[in-house]
Every structure is written in C-alpha cells, then in structure tokens.
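So the structure is just underneath, and the comments pick up after that.
Just so it is clear, none of the values below were taken in a lab; they were calculated from the coordinates. As the structure is a computational prediction, the values presented were derived from the model and not from experiment. Glycine also receives a Cβ, built like all others from the backbone with ideal geometry; neighbour counts cover every protein chain displayed.
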Amino acid sequence: MSDLSAARIRHSTLCSEIEHHNRLYYRQDSPSISDYEYDQLMQELLALESKFSELSSANSPSQRVGSLPLDEFSQITHEKPMLSLSNGFTDDDIREFDRRLHKELGQPDERLFNYVAEPKLDGLAVSIYYQDGVLKHAATRGDGKVGEDITQNVKTIRSVPLRLPEGAPERLEVRGEIFISHAGFEALNKTQASLEKKLFVNPRNAAAGSLRQLDSKITASRPLDIFVYSLGVISDDDFATTHSQTLDKLAELGFPICPLLEKVVGSEGCLDYFTRISKIRSDLDYEIDGIVYKLDRLDWQQSVGFIAKAPRWALAHKFPAQEKSTVVTNIDVQVGRTGAITPVARLAPLFVGGVTVSNVTLHNQSEIQRLGIRIGDTVIVRRAGDVIPQIVAVNLEKRPPDSVEYQFPTRCPECGSEVAIQGEGIIARCSGGLSCGAQVKQAIKHFVSRKAMDIDGMGDKIVDILVDQKLIKNVADLYSLSVDQVVELEGFAEKSALNLISSIEGSKQAELSRLLYALGIPQVGESTAEQLANTFGNLDSLGRANIDALESLPDIGPIVAENIVRFFADQNNQSVIQTLLDSGVEYRRIDVDELPDPESLPLNGKTVVLTGTLQSLSRSDAKKRLQALGAKVAGSVSKKTDLVVVGADAGSKALKAQELGIEMIDEVELISLLDA
Ligand code: D41
C-alpha cells in the first residue's frame, strides 16, 4: 500500500474519531477521553494533512482549529430573511397572543393549540447553510437581510456538524443561537486574567467578541456552543409538518437542540412551562432571558404569516427584571451641563441582568428621601432588559448601626458655588454657570456632540484637556484654537491636530436647529430646537421673543419658555453667541413665511408612536419625516394616540395599542405614508 493510501485510511479514521468525541463532549456532555488525548488526535490529523495536502478538505475536523486570518468579513445576503421575535411580558400578553391566533385561523377557543416552548437564549443568532450535507457557509443575522460571513469561525465550534449524515436534504439552512455557557465563561475569563487581557463583562459579550474575530484561531480557543431552533432554506418540501417534528429531524441530523424544549398545549400550557423554567433558570449553565412559544403546525404558521419582520406565530415571553441586593458604599453628586446636580449611589459591584453595576443614579434629593436611603444600607437593584439599573428599595433589616444619613451638598463640589434648589427638591442646580468647570466641560461636550454641531474627533477626553489647560473656557473659544496649540497636547501629532482643526472648521456651516440645540438651553432638546428654528427663522427673532410668544407653540410650556427667555437675556450667553458668529459660524436663515401652513399638512394634529425596530430607516429619521408631515411623535401609547408604527421586536406598546383599538401600521405602510 502506498503512503498516501495508508494516510487516507488513517485520516478517515481520525476524522470519525474526532467527530465522535466532539459529539460526546458537546451533545451528550460525557467525554470519554481527556482533553489531552483529544489534542493528540487533532495533532496527528493536522500533521497528516500538512504532509498530504490532498487530504485536507473544507469539512475536515481540522477546520475546528481555525484557519488563516481574514482582512475583513464579507457579506452574505440571507436567501430568506431572518425574522425577529415579538415580545410579551405578562400572562395576559400570552393569552392574547393565543386568542389572536385562534381568531386569525378561524378556530374556536375550545380547540387548544399545540405550541413548542423553549428557553430564549441570550446569545447571537446565526444561519448555517449546508449543500449536499457539507457545511458551506455561516452568517450572522445582521439586519435580518444581510449578515456577515463568519463561516471560518462557526466551523471551529465543535458542536456544529461540518458534515451531515447520508439522506440529509440537498440544501439545508439551519438557524440557531450561539452562546457561551457560564462554566465556559468563567474559564475564559480566568484565561484572560492570566494573560493580563481584558475580562469579558458577560457571556453574551464574550460570545459576540469571539464570533467577530477575523482570526478564527482565536475563535477556536473560545468555548462557543450552539442550539439550533429553526429552519431557513430547505430543498425538501416534505421535511416536516410541525415545528416539533422539524426539530426532531434536525436532532437526528446531528444538530444540538435545547434539551429543555417541550411541546405544550394552549396558553395555559405555555404559562405553566414559563413558571417551571423560571424556577430552574438560575441553575442552568447558560443565560436565558425569556421563553419562546411557537405555534406547532407549520401550515398554520404559513397562513398567519408575519408582521413587520416578526412572525405572528411566535412570541418571546420575557422574564421580568432581575433584582439583586448590594451595599451602598457612598453617595456623591455629578454636575451636569446645565448645572443640574444629580446624586449617584456608589455600590459594591454586583452582577445583575447580565452586567456589572457599580453606580446607580438616585435622580434627585426627593428620591433619596422617598427611598430613605443611607450610606451603608443594603439596597435592591433592578435591571430590566436594556434599561438603566435602578434602586427599588432599602432593606431596613440589614441597616448597620453606623449607617450615615446623606447630606445633600449646599455648594457645588466642582466650583464651590451655591446650590439652588428648585421645585421641592426635584432640581438642584449649581449657580456657578460658566464659571463652573464641570458645567463648562459638559456644555462643550454637548456642543460638539453628534446631534449638535457634530465635530468629529472631539471626544470627551480632549474637551477635558482643553478646558483643564485653559485653552478654551466656552464653546466659542473652540473656533479660535490653532493647530499649533493642539499639536502640543498629549496624544496629538501634526496630522491628528490638523484633522481636529479641520473638523472644527467644517462645523461652521450649521443648520439653525442644530445650532440652537448645541447652545444647550436648559430643556431645549432636538425637537423643541427644530420647532423654534421653524417658527422664528433666526437667532435675533428668537432672542427677542417673549414668554407669551414662546408659550403659544404647541410643545413649549411655561418653564421651557422661561428658560429660553432667560438664556437670551444673559449677557454672558449673548457674548458667546456673538463670538460664535464673529468666528464665522453661519446658519441658513429660514424664511418662516415660506414654510407650509401646518393646517395643510396631512398629519396635522395627529399623534404617532413609533415602537420596535425599523429596518429601512432610523427611528430619528422616521420621526423627522413624520414631523415634517405635521405629526406629533410621542413616546408612549395612550388614548390620545392616533397611530402606532409597529417595527420588529415590538413589545408592550403594540399590545397596548391593540387593547385600545388604535390604528397600527407596519414599516411598509409607514414608508408608503411618508412617500405619499
Ligand atoms: O433562543 C433564542 N434566542 C431564539 C431566538 C429562539 N429560541 N427561537 C427563535 N426563533 C425565531 C424565529 C421564530 C423568528 C424563527 C429566535 C429568533 N427567531 C431570533 N433570534 C434573534 C432574532 C430572532
């Protein structure tokens, strides 16, 4: 026998053996050999393939160790879009989901539907495509239409089959969630620490960071795993008739399926499953953030279809916010852009809702009183989804004898000016104005920010340095900075200094609404600034406007009107504005008589709410365009709402709109409304 034939036989044995151990390790959780022995097999395989290059192939287990680094990820268009999930939060949301399906399908309520219930993993959605039983490519979800090609990285995940058994459909795309287990996460962070590398904040971030590696050898060293939850493209029309059957068949083909998945009956079956999994959630070795219910019958799935990128036949039932307790080690205050003084609780770090929390805002003095919180107290911290963490209660039983009552400062910790209290302890403000270093810095950071003057390259650190070194003391001073001054600063070279100065120059041509927003008048946000620009047309007219004229505008109340008048009456502000204009900052004056009469606009007087994610335009663009048609865009659904735009992953707002019988449209309908 030739060397090559002998090698071929050994190669084939090694391949089967390695894949067998992969399955034992990842699917059955019962490895029969040590990591060391596994590595020996892999080394032998690699050695064979390097000696006989004809033996290596795209589906050899040697791919599991990664291949040459890429320069960038290329894009993959999903043949079928990757949909997202609608959310529900309460038991009634689930019952309503079930009722709606009965209605849509014209089925009597007595006829209970079968659902598949499964944990909702907090990982990353991927699509993996097999042609003739061989893994061809894998992609991230991306925006649902186009994702990134992460084939090399996905091949390194040992529980992902590289080759399917005989009889697999010719074309098969599976979709699933890639994640890192708690155990894997702990081990990974231990390794990171020993290499003096940055630790990952949670398993999801670790999984995301690992998948986004251009060097798949790094990905190969990360403990990634996968559960497959649905089909994408398939060449075999008769593969299955129910979702549960689909998953059984995928399991037979060697795909890892979440072992907790169950077929349940009716909405009460769903809710019972939810209760059971909630109880064991903290014992699971992976992070989950809810339960997904899917209508089992595929023909029914087909007939109810989807709305705004999410199937109507599936619902993600999110777990309620997570709460944990910790100790308040201190309370101090932060000084904001307009001098607002906000108390912040410093906490003994705790891991809640997937992140480490060590600071929590206490909002204002009356919130501290309401909670009755003292330094040294044990408090309960809640974090719901992506919402900022908050303290919900103090555990008085654990109050130590030496707890300290918090004294709200009477002087600004930054500049020593007196603190003025407005509105029954709701707002505390440093009275130092632009003589307060903290306010100056914040005001400049706001001025240069993206939605304001958008000065690229002017990060927070640079502003701090410029103010600390006394090169600037207000926003107008930015325009007299020179390359020579900037190049002297730490971290700058000739080129970067030139770039910064040229972005400052580039910001001189501004829209009036942006300039107004940039000035940082208290409580004048983007939309108020826009309204002011369109009503007054230029800074002079606005500066002369009195309280009555301002209050007559739809969104401006007495407090904002007073803030505006006060801002323009201030000598210091006037001189800053004058200096800005003298330095060449220009805005296009708006001829207010040319603007369309609001009465003539198609959405005049209508209140619209946007919810969920839009795919083809950003939420802020959608808002602007709706406003241009005369609509008022509100943040929450109420009886006053006229129309709700439902994007992907829409949650409680869409449900509320449905309850109130408010008209709802999806993204496609929105676009045709905007284009009409
Ligand atoms: O565990 C999950 N994260 C999960 C995500 C799951 N168990 N099932 C899912 N099912 C779908 C549909 C119904 C659209 C096939 C999903 C997702 N989608 C999903 N994940 C990320 C976006 C959508």
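Data table
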| quantity | calculated |
| --- | --- |
| Cα long-axis angle, helix 266-280 against the chain (0 to 90 degrees, to the nearest 10) | 90 |
| 17 Å Cα-Cα reach of LYS508 towards aspartates and glutamates, excluding residues that sit fewer than 8 places from it in its own chain | ASP454, ASP456, ASP477, ASP582, GLU586 |
| Separation between Cα centres of region 61-103 and region 599-625, rounded to whole Å | 27 |
| Lys/Arg +1, Asp/Glu -1 at C-beta; the chain dipole; positive extreme among SER513, PHE113, LEU199 | LEU199 |
| Length gained when the stretch GLU490-ASN359 is fully extended (0.36 nm per residue, less Cα-Cα span) | 44.2 nm |
| The chain, dipole about Cα centre (Lys/Arg Cβ +1, Asp/Glu Cβ -1), debye to the nearest 20 | 900 |
| Table column - 3J(HN,Hα) (Hz), region 61-74, Karplus curve with 6.51, -1.76, 1.60, x for Gly and Pro | x, 5, 4, 5, 8, x, 10, 4, x, 8, 7, 7, 7, 8 |
| Relative packing of 571-577, 626-632, which averages over residues the other C-beta atoms within 10 Å, highest first | 626-632, 571-577 |
| Nearest-ten-degree value, helix 3-26 long axis tilted from longest Cα axis of the chain | 60 |
| Under 5 Å, built H, 5+ apart or other chain: amide partners of VAL344 | ASP332, VAL333, GLN334, LEU362 |
| Region 1-130 - charge dipole about Cα centre, Lys and Arg +1 at Cβ, Asp and Glu -1, debye rounded to 20 | 380 |
| Relative contact order [Cα under 8 Å, 6+ residues apart], region 311-397, whole percent | 29 |
| Length added when fully stretched, ILE388-GLU72, from 0.36 nm per residue minus Cα-Cα | 110.4 nm |
| In sequence order, calculated HN-Hα J values of region 76-81 (Karplus, 6.51, -1.76, 1.60; Hz; x Gly/Pro) | 10, 8, 5, 4, 10, x |
| Whole-Å distance, taken between Cα centres, linking region 417-485 and region 496-521 | 14 |
| Lone cysteines, the chain (no partner Cβ under 4.7 Å) | CYS15, CYS258, CYS270 |
| Distant-in-sequence amide H partners of SER325 (H built 1.01 Å from N, under 5 Å) | VAL381 |
| Protection proxy ranking of 550-556, 305-311 - average other beta-carbon atoms within 10 Å, highest first | 305-311, 550-556 |
| Within the chain, helix-based [θ] at 222 nm, where runs of 4 or more DSSP H residues each add -39,500 (n - 2.57), nearest 500 | -11000 deg cm²/dmol |
| Nearby lysines by direct alpha-carbon distance to LYS324 (threshold 21 angstrom, same-chain neighbours under 8 apart not counted) | LYS279, LYS398 |
| Highest to lowest packing among 123-133, 456-466, scored as the average C-beta count within 10 Å | 123-133, 456-466 |
| Among LEU247, ALA139, SER210 - extreme Cα towards positive end, dipole of region 136-292, charges at beta-carbon | SER210 |
| Too-long pairs where the Cα-Cα distance tops 22 Å, listed order kept, from LYS309/LYS653; LYS309/LYS451; LYS103/LYS249; LYS441/LYS623; LYS198/LYS318 | LYS309/LYS451; LYS103/LYS249; LYS441/LYS623; LYS198/LYS318 |
| Amide hydrogen neighbours beyond the local backbone of ILE76, cut-off 5 Å, H modeled | GLY147, GLU148, ASP149 |
| Point-to-point label distance, GLN334-ILE33, nm (Cα→Cβ direction, 7 Å offset) | 5.4 |
| Aspartates and glutamates with Cα under 18 Å of LYS145, excluding same-chain neighbours fewer than 8 positions away | GLU79, GLU173, GLU177, ASP649, ASP666, GLU667 |
| ³J(HN,Hα) computed for each position of region 514-524 - Karplus, 6.51 cos²θ - 1.76 cosθ + 1.60, integer Hz, glycine/proline x | 5, 4, 4, 4, 5, 4, x, 5, x, 6, 9 |
| Rel. contact order, % - alpha carbon contacts under 8 angstrom, at least six apart, the chain | 10 |
| GLU186 paired with LYS508, simple spin-label distance in nm, labels 7 Å along Cα-to-beta-carbon | 6.1 |
| Charge dipole magnitude, Cβ of K and R +1, D and E -1 - region 68-205, Cα centre, debye nearest 20 | 320 |
